[in-house]
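The values are calculated or read from the model by the stated rules, or taken from the named source; none is laboratory data. Just so we're clear, the structure is a prediction, and the values are computed from it rather than from any experiment. Cβ sites come from the backbone with ideal geometry, for glycine too, and all protein chains shown count toward neighbours.
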Number of protein chains: 4
Amino acid sequence: MGARVGLIGAGIMGADHARILSSGIGGAVLAAVHDADSARARQVADACGGTQLYDDPQALIADAGIDAVLVASPDETHAALVLACIAQGKPVLVEKPLAATLDECRAIVAAETRGGRRLVQVGYMRRFDPGYRMMKAALAEGRLGPPLFLHCVHRNAVAPHWLTNELVIANSATHEIDIARYLLGEEFASVSVISPRASSRAPTRQPQLIVLETASGVVVDVEAFVDAQYGYDVRAELVCENGTVALAPNPPLATRLAGQDSHALHADWRGRFADAYRDQIGAWLVSLGTDRPAGSSAWDGYAASVTADAALQAWRTRSRTTVQLDTMPEFYRNA
Amino acid sequence: MGARVGLIGAGIMGADHARILSSGIGGAVLAAVHDADSARARQVADACGGTQLYDDPQALIADAGIDAVLVASPDETHAALVLACIAQGKPVLVEKPLAATLDECRAIVAAETRGGRRLVQVGYMRRFDPGYRMMKAALAEGRLGPPLFLHCVHRNAVAPHWLTNELVIANSATHEIDIARYLLGEEFASVSVISPRASSRAPTRQPQLIVLETASGVVVDVEAFVDAQYGYDVRAELVCENGTVALAPNPPLATRLAGQDSHALHADWRGRFADAYRDQIGAWLVSLGTDRPAGSSAWDGYAASVTADAALQAWRTRSRTTVQLDTMPEFYRNA
Amino acid sequence: MGARVGLIGAGIMGADHARILSSGIGGAVLAAVHDADSARARQVADACGGTQLYDDPQALIADAGIDAVLVASPDETHAALVLACIAQGKPVLVEKPLAATLDECRAIVAAETRGGRRLVQVGYMRRFDPGYRMMKAALAEGRLGPPLFLHCVHRNAVAPHWLTNELVIANSATHEIDIARYLLGEEFASVSVISPRASSRAPTRQPQLIVLETASGVVVDVEAFVDAQYGYDVRAELVCENGTVALAPNPPLATRLAGQDSHALHADWRGRFADAYRDQIGAWLVSLGTDRPAGSSAWDGYAASVTADAALQAWRTRSRTTVQLDTMPEFYRNA
Amino acid sequence: MGARVGLIGAGIMGADHARILSSGIGGAVLAAVHDADSARARQVADACGGTQLYDDPQALIADAGIDAVLVASPDETHAALVLACIAQGKPVLVEKPLAATLDECRAIVAAETRGGRRLVQVGYMRRFDPGYRMMKAALAEGRLGPPLFLHCVHRNAVAPHWLTNELVIANSATHEIDIARYLLGEEFASVSVISPRASSRAPTRQPQLIVLETASGVVVDVEAFVDAQYGYDVRAELVCENGTVALAPNPPLATRLAGQDSHALHADWRGRFADAYRDQIGAWLVSLGTDRPAGSSAWDGYAASVTADAALQAWRTRSRTTVQLDTMPEFYRNA
């Protein structure tokens, strides 16, 4: 029998997770859904069929008929929900970020460590993207030699009006920070931010160049530009001592029309990372019961948040800022 | 509850289908397996778990606990198995070709038509490849204008020693014939074959240039070369009155090393068409019970075999050969 | 001192050759120009400076102050002009085709052979295109193994209204025939033509698929489509026993805008083959006085015309046609 | 009659310039050559024919038979030679950098301004590369919108053992600084340098990430890595408010062999920028006598050196450093 999954949060991301789950992946069943907006919850439940609605997310977590929980509610609610899952001994896949504050992240890490079971997976889905996986495999294979640079580009076509300068760094950059930690297998030591002028498309919000240095001396630069207009575009080139590897995420069709030889670009992350979102849930379902979540751990979620916080500090002070992590519990060794 | 699928044939293709099914796709269960080689059947059953072995494929088909059948046994066995599924009213996904002879294909079409339910899907999986689907969508969208040429390339790295000249045409070309019919939405009227000398790698076997003309005057040329050494490579360019679209199936990583900027190519069809195989089974499972199989119909399977047969005739006689199809039963209209 | 060149024909191609010559390439001087339309001749002369006008092309050829002649006048005039150059012992670069009829081609070959000096170069400029040169070098290098197929595409954006079905074959295909002979180093044995319906853009003119077989059994297919609308596009893929090489003629800029990742295509042959035209004249100037013209010889010009003639015959009769060449004079051995 | 050019410096770059000049470009003649190593000078002179040797470079400059001078001697000699050319009123194309020190650069700017004739062109040849020219044209065309970022990569396969950390910045970065000023049309305001660890291939020499900010707030980042092993690779992506343009400098041939679909990369700058070097000299020759050199002016040479100097300072102090330029003389307005 497949796992019975409960979903908390039925917004854009939650609805997309529900769609993947109800496709029958891994034999799972979307058994329960909660959203603060009950109409939204009902819409998702109806689309899936046989899904029960919960008014209270804690009741959903506590329900013995629910095997695992997927959290896609607002950031501020993450900590309480994840802590409840840990308390109930239930595996939880929580959308990034792990929690809204560093103290909450620390509390989750502490609770999971105390509990002695690895139950938390953070939804940094890029770790399941075929391109990044091939990049990590290419690095491990050895012919490229040790890494020196990782050049990253993170562009959204359009950003919501409420997105602030702070969120450009905190929201976009955490994806880049997590995937860089995944690829390089080490922590960041410091970070600087260099800010171009704002685009006239979004005069109150700057694009950013975030430059991070790892403990061993690899330099990672990230262009974060959430008003790029032309499409959603995530690029990465890993430069090693003997050669480089780069994402080449072109869709599988080339068109020659009206004087141009072109590839269509994705409009947003759902198209670009469709495989990653599906494989993330697939791997999570396979991992249930093993205490070995497949993607980012609670520690990874904490580390990404600490690093993003240092980036914010670097931007505010216009100076190179040290990234200061707590000591990693043994518990997460070889996570 | 998901469908309970029975698998007949546990060779390379059957084992791959079993792997996809047992990943929990569409909530399905691989409930039964038969292979003439019972050790091979057991191996597949063991890998999936909870799968029952059948000595007699007809018993498997007749078992009321089996909802649908997947046939991946030798070509010569297809007709009897598919006819049994039709007799039992069970949906069947049969590996290409539909059957070993044209008369068998006709018998299946006749039986299905008589039965009045569309139960047969033929495993021309390219109809589920994202690239070909985007190509068909681009054509339908209209800006390209009507089609004039379709240039196809079908290359295998290495072919088994027993593969004959006849099989180069019959085996490889049927995939191209089916996908061209899918893209263009019409039948072929005639076919010619022009043969280069054989490669010294396989001196008894020629590569071929198969040139087909559709009823409306589109020219489709297919290079079929099963000893191409460097990799598995399937290409297609559709040339229309205003522009062209071409498959651009590069893997998502580019490497710069030792003086080369390169993409790795696939070794065989399983890597290249992994998405197509998965989506073919996914769509088939969704279609169960609807009498509307998602991919190639029995008629499509028959039409591909007739066209390939004409190509063989053209090759033997070195002359342009007419493709002569029976009248399509109304039953398959809008299939 | 650089060569003093006389130009006969000041139309589109002649004016372009004049522009290249007057850029000072190889230290040459455009010393004389003739055109049946004297205003057109004057325009070219004025653009270059110091260029003398001739009413009579034969007088231009006979002028002792002219070292070499470039013929870009109408096809019908080629034979008389080239024969006059041979009679005067003057090197001549003649636009393709060598002459308007096969008998004229034969007369030129005979005259040059009798004269004992190699004076004639035919303007099949693709032999100077960096891509084709690299393709020939790659083949010679050996790792690819012997060739089996050459797939060619020849597309113009728009063709003049007077261009006939016959000229689609005779005009476009000669370029492909010459470059295939250059790449493969052998003659064609037979040719077939398969014709799709016409494009609605040019209902009186069909695109064509011309399929040629060489003496050793290489198959060369050429899509000739002069109304392709979207741009000028010349492609070639050489398929060998171990691998393939293909032209990849993308301009050096990639643009991401409005949802597309695109390269601009060339509008016509002058942009696409700008390097080839320049290097053709450069190599010709270097060869002056050596009796070793650098590109296509009179024999090559004759062979291309014979092969195109057989293609026309194949199209008219809808049947495979033998290519029948005269015996090549020893004189052209190792040309 | 073409210009009579004198060459000072017959090393790798000088010999390459001599080769271009002696191809007859622009009708020019390589009339004179000097090198401190007279054997090297003789070698170049012999290869060209009719070229006179000079023991004293000042005598070459002073020779009334020499119309223009090309300086490719060691950096330390540039200032004296360029000043002599200005004194003689002779156009001079000097290899980059303009001079070895900022004071020498200033002296040249002052002398040229006093003289009232624009005679100096600095050999930043990238301004003649088709890719960069198309990039500038695309920006001017307007659809891309104003620029925000310019991401640059400058990689050499191998560097000579004597190349220091300082020269990685001073030598490589000046090319990037000049081309960025050309593309963006403005000066730099500040510069930071972030240094990864050194490659084990060259343990005493670090690659660098140089981050520059222009007066208007465009951020330019340059990866300078002179030990990249795999090939010579120069990349640039200009990110604007509506879209991006990037160099796509692939050679015109794609190879599929041994499991890879690949393009060969260039081994060094001579292959990569062959067109740029030729067109630089061609444009220079056309400009002779106009007092409007075609490429980088003495002011551009000075500005590049000042900016590189600030980058060195930023690297030494590990802090963001202001770029401080003198006031540009009116004389260079619209240069």
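Please state which one of A:ARG235, A:ARG205 is without any contact (Cβ under 8 Å) to a residue 60 or more places away in the chain, charged (D, E, K, R) and surrounded by fewer than 23 Cβ atoms within 10 Å (Cβ to Cβ).
The unique qualifying residue is A:ARG205.
Scanning the range D:208-223 for residues that are in contact with a Leu (Cβ under 8 Å, 6 or more places away or on another chain) and closer than 22 Å to D:GLY301 by Cβ, which turns out surrounded by the most Cβ atoms within 10 Å (Cβ to Cβ)?
Only one residue tops the list, namely D:VAL220.
Among the residues of the range D:208-224 satisfying the criterion of being touching a residue at least 60 places away in the same chain (Cβ under 8 Å) and either of a type in the set (Lys, Arg) or more than 7 Å from every other protein chain (Cβ to nearest Cβ) (or both), which is farthest from D:TRP269 (Cα to Cα)?
Ranking the qualifying residues of the range D:208-224, first place goes to D:LEU212.
Just to verify a result, which residue in the range A:90-140, among those that are of a type in the set (Lys, Arg) and touching a residue at least 40 places away in the same chain (Cβ under 8 Å), is surrounded by the fewest Cβ atoms within 10 Å (Cβ to Cβ)?
So, considering only residues that are of a type in the set (Lys, Arg) and touching a residue at least 40 places away in the same chain (Cβ under 8 Å), the one surrounded by the fewest Cβ atoms within 10 Å (Cβ to Cβ) is A:ARG117.
Quick one: which of B:SER22, B:SER73 is modelled with pLDDT under 95, of a type in the set (Ser, Thr, Tyr) and out of contact with any Asp or Glu (no Cβ under 7 Å at 6 or more places or on another chain)?
From the options B:SER22, B:SER73, the qualifying one is B:SER22.
Residue by residue through the range C:49-76, note down the ones that are within 17 Å of the chain's Cα centre (by Cα) and more than 30 Å from D:GLY2 (Cβ to Cβ).
Of everything in the range C:49-76, those that are within 17 Å of the chain's Cα centre (by Cα) and more than 30 Å from D:GLY2 (Cβ to Cβ) turn out to be C:PRO74, C:ASP75, C:GLU76.
List the number of the failed condition for B:VAL239; all other conditions in (1) more than 11 Å from chain C (Cβ to nearest Cβ); (2) closer than 24 Å to C:ALA157 by Cβ hold.
That leaves (1) as the condition not met.
Condition check: crowded, with 19+ Cβ neighbours inside 10 Å, of a type outside the set (Phe, Trp, Tyr) and touching a residue at least 12 places away in the same chain (Cβ under 8 Å). Does D:ARG143 satisfy that?
Against the criterion (crowded, with 19+ Cβ neighbours inside 10 Å, of a type outside the set (Phe, Trp, Tyr) and touching a residue at least 12 places away in the same chain (Cβ under 8 Å)), D:ARG143 does not qualify.
Out of D:LEU288, D:LEU312, report the one residue that is aliphatic (A, V, I, L, M), in contact (Cβ under 8 Å) with a residue 12 or more places away in the chain and outside the structural domain of D:GLU186 (by TED's automatic domain parsing).
D:LEU288
Any idea which residue in the range A:112-145 is farthest from A:THR327 (Cα to Cα), counting only those that are in a loop (DSSP other than H, G, I, E, B) and within 14 Å of chain B (Cβ to nearest Cβ)?
The selected residue is A:ARG143.
Of the residues C:VAL211, C:VAL222, C:VAL226, which single one is touching a Lys or Arg at 6+ places or on another chain (Cβ under 8 Å) and more than 29 Å from C:GLY24 (Cα to Cα)?
C:VAL226
Can B:VAL168 be described as among the aliphatic types (A, V, I, L, M), within 14 Å of chain C (Cβ to nearest Cβ) and surrounded by 24 or more Cβ atoms within 10 Å (Cβ to Cβ)?
For B:VAL168, the condition - among the aliphatic types (A, V, I, L, M), within 14 Å of chain C (Cβ to nearest Cβ) and surrounded by 24 or more Cβ atoms within 10 Å (Cβ to Cβ) - is met.
From B:ALA32, B:ALA87, B:ALA62, which residue is among the aliphatic types (A, V, I, L, M), under 24 Å from B:VAL286 (Cα atoms) and crowded, with 24+ Cβ neighbours inside 10 Å?
Answer to the check: B:ALA32.
Would you confirm whether any residue within the range C:173-183 is away from chain B (no Cβ under 12 Å), surrounded by fewer than 20 Cβ atoms within 10 Å (Cβ to Cβ) and among the acidic types (Asp, Glu)?
no
Hey, can you tell me all the residues within the range A:253-267 that are on the phi > 0 side of the Ramachandran plot and facing chain B (nearest Cβ under 8 Å)?
Across the range A:253-267, the qualifying residue is only A:ALA258.
Would you mind stating whether A:VAL218 is among the β-branched types (Val, Ile, Thr) and under 28 Å from A:ALA100 (Cβ atoms)?
Answer is no for this residue.
When the range C:283-293 is examined, which residues are found to be surrounded by fewer than 18 Cβ atoms within 10 Å (Cβ to Cβ) and in a loop (DSSP other than H, G, I, E, B)?
Answer for the range C:283-293, where residues must be surrounded by fewer than 18 Cβ atoms within 10 Å (Cβ to Cβ) and in a loop (DSSP other than H, G, I, E, B): C:GLY289, C:THR290, C:ASP291, C:ARG292.
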